[in-house]
């Protein structure tokens, strides 16, 4: 989904306070968020005893995975609603003793230099006004030799839920899509992994790498997307806000119909492309570090 006029950073931050966290989790389950969190933690080599900063924690997907690995976690987000939801997730998992939550802007970290072993930021940087500044702050608070990794959505054509919504809107409200033809959705700002490498290189990191991953998510029924997409994120609400209530109902009826026609009685498995990239802060005494970088692709098999 896309819109001709994006919400400002402050407007989007405020909008998160009225988002339904359960719908957010339901929607992001179709986008590979859990797989992306694991990949980012794997990339930096997060392991037991490490102190991890979850930069823009959302509902705590990265924080929970890091806690399960035995890491000590500090999770930050601008949204109090997201922080509360993340805290509930962590408490339900019995990990409350190892995860600390703080309300904070990803671009202005209130931490000392080199305070963390690694920093992970999953599916956040596309919505930050200045990702170079945010990731520069992440680099500052990471110890020399520690890793910084972030994830982002892949190209729109690699994400089935986007394609279904786009196809339905093309059928119901083609005039709306005509207004935004050729525009890249804001969430796809890092759809090209080389753009991720570029911003990490600007942070002075070494041993930078990026991967494009294609994962799958099985949804329980054909009416799943119509139930979780509304109010799942400010971006979704922004697009739907440009339509009438009757148009929204028609769009989601078409989404459900397409899913039923495409899958029939078979399991409904949707593909989700995402990118993960990271590098390491240069060790003291090695000011040049290594400028090498690489991009690869991975296809995860459906479970």
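No value in this document is a laboratory result; all are computed from the given coordinates. It should be emphasised that the depicted structure is a prediction, and the values quoted were computed from it without experimental measurement. Neighbour counts run over all protein chains shown; Cβ positions are idealised from the backbone, glycine included.
What whole-number value in cubic angstrom gives the convex hull volume per residue for the C-alpha atoms of segment 28-70? Don't skip to the end; give the middle numbers.
Numbers: hull volume 2.7 nm³, N = 43.
About 63 Å³ per residue, rounded to a whole number.
Evaluated at 20 °C with a viscosity of 1.002 mPa s, what Stokes-Einstein diffusion coefficient in µm²/s does segment 8-150 have when Rh comes from the Kirkwood expression over alpha-carbon pairs? Before the final figure, lay out each step's value.
Details: Rh = 14.8 Å.
The Stokes-Einstein estimate is 144 µm²/s.
When the convex hull of the Cα atoms of segment 67-214 is projected onto a plane and the area is averaged over all directions, what value comes out in nm²? Numbers along the way, then the final one.
Details: hull surface 43.3 nm².
Averaging across all directions leaves 10.8 nm² for the Cα convex hull.
When a footprinting reagent is the concern and you count Cβ atoms within 10 Å, what order do 209, 88 take, fewest first? Could you put the intermediate results ahead of the total?
On the way: 209 19, 88 14.
By the 10 Å Cβ count, ascending: 88, 209.
Could you work out the relative contact order of segment 81-177, using alpha carbon pairs under 8 angstrom and six or more residues apart, expressed as a whole percent?
On the way: 86 pairs, mean separation 23.2, N = 97.
Answer for segment 81-177 is 24 percent.
Could you pull the Cα extents of segment 203-261 along its three principal axes, largest to smallest, in whole Å?
Principal extents (Cα only, largest first): 52, 27, 14 Å.
For the chain, give the share of DSSP beta bridges that are antiparallel, in percent and rounded to the nearest 5; count only bridges with both residues there.
Working: 20 of 46 bridges.
Beta bridges within the chain, antiparallel portion: roughly 45 percent.
Going by C-beta contacts inside 10 Å, put 57, 203 in order with the fewest on the left. Show your work: numbers first, answer last.
Working: 57 32, 203 21.
If I rank by nearby Cβ atoms, fewest first, I get 203, 57.
Arrange the following residues from fewest to most other Cβ atoms within 10 Å of their Cβ: 205, 31. Could you put the intermediate results ahead of the total?
On the way: 205 26, 31 23.
Ordered by Cβ neighbours within 10 Å, fewest first: 31, 205.
Go ahead and estimate [θ] at 222 nm for the chain from helices alone: -39,500 (n - 2.57) per DSSP H run with n ≥ 4, summed, over the residue count, rounded to 500. Walk me through the numbers before you get to the answer.
Values: 12 runs with 118 residues, N = 303.
Rounded to the nearest 500, the figure is -11500 deg cm²/dmol.
Roughly how tilted is helix 245-263, in degrees to the nearest 10 and between 0 and 90, from the longest Cα axis of the chain?
So the inclination is approximately 80 degrees.
When only C-alpha pairs under 8 Å and at least 6 residues apart count, what is the relative contact order of the chain, in percent?
Details: 643 pairs, mean separation 75.9, N = 303.
Normalised by residue count, the contact order of the chain is 25 percent.
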